[in-house]
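Student: Take a look at the following structure, please.
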Amino acid sequence: VPRTGEVVFDKVTFTYPGAEQPVLADISFTARRGTTTAIIGSTGAGKTTLISLIPRLHDATSGTVSVGGVDVREAQLESLWARIGLVPQRPYLFAGTVGSNLRYGREEATDEELWDALAIAQGEDFVRAMPETLDSPIAQGGTTVSGGQRQRLSIARALVRQPDVLIFDDSFSALDTATDARLRAALDREVTDATVIVVAQRVSSIVDADQILVMEDGRIVDRGTHSELLQTSPTYQEIVST
Ligand code: DGT
Ligand code: MG
């Protein structure tokens, strides 16, 4: 059975060093290749902490996290990171050019590959409109581009790396709903092999997900598809109605 990119959490608990209370408790789920798993829940529920265990930004306090059938604690970090594209909640850009920012993580990418990634990330038009396109300068901290543009460059950067596991941490929040919808449609069409994990605030960003995990206080309280959760989950209904 090919398990490329499959992400499995098995009874994972996590407590930040020095903290008293666990931030994650008894987290178990499987995210399969070619599917989208969405994680939704109120602020502080533990969504960012959960995804940070996949590239080992933190290690689980108990339980196991595995990628492609291998416990992340036994994987070689460099090869683990090469397979994961994480778009962080606060995207960062370096002083340099649009192109050098997109190539971060895969220096050998061709211009054509950068444009393909930008097309999916809905960043093609604004980069083409820049005076020097891919060679346009980016100031330190990315202050020369808007928040939504920064988010799209950060998404394109993850796509350029062609990872097995693609993780978006609230990456669509600075986009208007039409751009958000176009981006998700492009991802669905073009990124068919990856395991996609989407942390979202807006329910509209995740209605099509194969499975939705509803988090509350560090636990997965409900799971299912959008239509299932509308029937079964009071927490989800509450999120939908706000
Ligand atoms: P968001 O992004 O506002 O929707 O919230 P989440 O769901 O991403 O929450 P998360 O994982 O950032 O935080 C969960 C809890 O963990 C929250 O009580 C804050 C706490 N926490 C987050 N980062 C750290 C950290 O670096 N150290 C400690 N001690 N606690 C942290
Ligand atoms: Mg977060």
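The values are calculated or read from the model by the stated rules, or taken from the named source; none is laboratory data. Because the structure is a prediction, the values reported are computed rather than measured. For neighbour counting, all protein chains shown are included, and Cβ atoms are generated from backbone atoms with ideal geometry for every residue, glycine included. Protein only, heavy atoms only, side chains kept; ligands, DNA and RNA dropped before computing areas. Shrake-Rupley method; radii C 1.70, N 1.55, O 1.52, S 1.80 Å.
Student: Could you give me the ³J(HN,Hα) list for the range 231-236, computed from phi with Karplus coefficients 6.51, -1.76, 1.60 and θ = phi - 60°, whole Hz, x at Gly and Pro?
Tutor: With the stated coefficients, the range 231-236 comes to 7, 10, 10, x, 4, 5 Hz.
Student: Also: How large is the Rg to Rh ratio of the chain when both quantities use alpha carbon positions and Rh follows Kirkwood?
Tutor: Checking Rg against Rh, the ratio lands at 0.97.
Student: Oh, and also: What list of ³J(HN,Hα) values in whole Hz, one per residue of the range 92-101 in order, does the Karplus curve 6.51 cos²θ - 1.76 cosθ + 1.60 (θ = phi - 60°) give from phi, with Gly and Pro shown as x?
Tutor: 10, 10, 9, 4, x, 10, 4, x, 5, 5
Student: Okay, next question. Quickly work out the residue 112-to-residue 11 label distance, labels modelled 7 Å from Cα along the C-beta direction, and quote it in nm with one decimal.
Tutor: 5.1
Student: How far apart, in nm, are two points set 7 Å out from the Cα along the Cα-to-Cβ line at residue 185 and at residue 119?
Tutor: Result for the modelled spin labels: 1.5 nm.
Student: On a full-extension model of 0.36 nm per residue, what is the gain between residue 221 and residue 193, subtracting their alpha-carbon distance, rounded to one decimal in nm?
Tutor: 7.2 nm
Student: Sticking with this one: Tell me the GluC sites (Glu not before Pro) within the range 1-109 that lie in a loop according to DSSP and have at most 12 other beta-carbon atoms within 10 Å.
Tutor: Those that pass, being in a loop and sparsely packed, are 20, 74, 107, 108.
Student: Sort 47, 11 by heavy-atom solvent-accessible area, probe 1.4 angstrom, most to least. Mind showing how you got there, number by number?
Tutor: Working: 47 15, 11 125 Å².
Of 47, 11, the descending order of accessible area is 11, 47.
Student: Mean residue ellipticity at 222 nm from the helices of the chain, using -39,500 (n - 2.57) per DSSP H segment of n ≥ 4 over the full residue count, to the nearest 500 deg cm²/dmol?
Tutor: Result for the chain, helices only: -8500 deg cm²/dmol.
Student: Need one value: the accessible area of residue 126 in square angstrom, 1.4 angstrom probe, rounded to the nearest 10.
Tutor: 30
Student: Long-range amide H contacts for residue 221: which residues qualify at under 5 Å (H placed 1.01 Å from N, peptide plane, sequence gap of 5 or more or a different chain)?
Tutor: 214, 215, 216
Student: Can you list the HN-Hα couplings for the range 74-80, worked out from phi with the Karplus curve (6.51, -1.76, 1.60; θ = phi - 60°), rounded to whole Hz and with x for Gly and Pro?
Tutor: Those phi angles translate into 9, 7, 6, 4, 4, 6, 5 Hz.
Student: Would you kindly state how much longer the chain becomes between residue 173 and residue 240 on full extension, computed as 0.36 nm times their sequence separation minus their alpha carbon distance, in nm to one decimal? Write down the numbers at each step before the final one.
Tutor: Working: separation 67, 0.36 × 67 = 24.12 nm, distance 1.56 nm.
Full extension from residue 173 to residue 240 adds 22.6 nm.
Student: First measure r as the distance between the Cβ atoms of residue 135 and residue 89, then evaluate 1/(1 + (r/R0)^6) with R0 = 41 Å and state the FRET efficiency to the nearest 0.05.
Tutor: Here the calculated transfer efficiency is 0.90.
Student: I've got another one for you. Give the long-range amide H neighbours of residue 198: residues separated by 5 or more places, or on another chain, with amide H under 5 Å away, using H modelled in the peptide plane at 1.01 Å from N.
Tutor: 37, 38, 39, 168
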